[in-house]
Amino acid sequence: MGRIAAFESMVINDELAAGIKSAKNLQEIANLFRRARMLFLQEQALRKVVDGTTAINELIREFQPPQAQAKTETPASGAAKA
């Protein structure tokens, strides 16, 4: 089985660069990126489920909080059960 990656990326143009420089906090930068139509990592991953590239259970497993992931991993995967 292969692995499929989902990325959160954005091409920074002059307008975005100026907005980043003038932003007062991270929320302003996030809002700027959303207006530029950037998709968050979870949205990119959900697109892969919708187009059949991966399964919904993989998406759920990857976006669980770390303590929940430790409980679901098996010793065969190299992680100790919590």
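Each reported figure results from applying straightforward, stated rules to the coordinates on display, with no laboratory input. Since we're looking at a predicted model, the values are computed, not measured. Don't worry about glycine lacking a Cβ; one is built from the backbone with ideal geometry, like all the others, and counts go over all protein chains shown.
Couple of notes before you dig in:
- Gain upon complete extension [K24, V50; 0.36 nm per residue less C-alpha separation]: 5.8 nm
- Cβ-based exposure ranking for K21, K48, in which fewest neighbours within 10 Å come first: K21, K48
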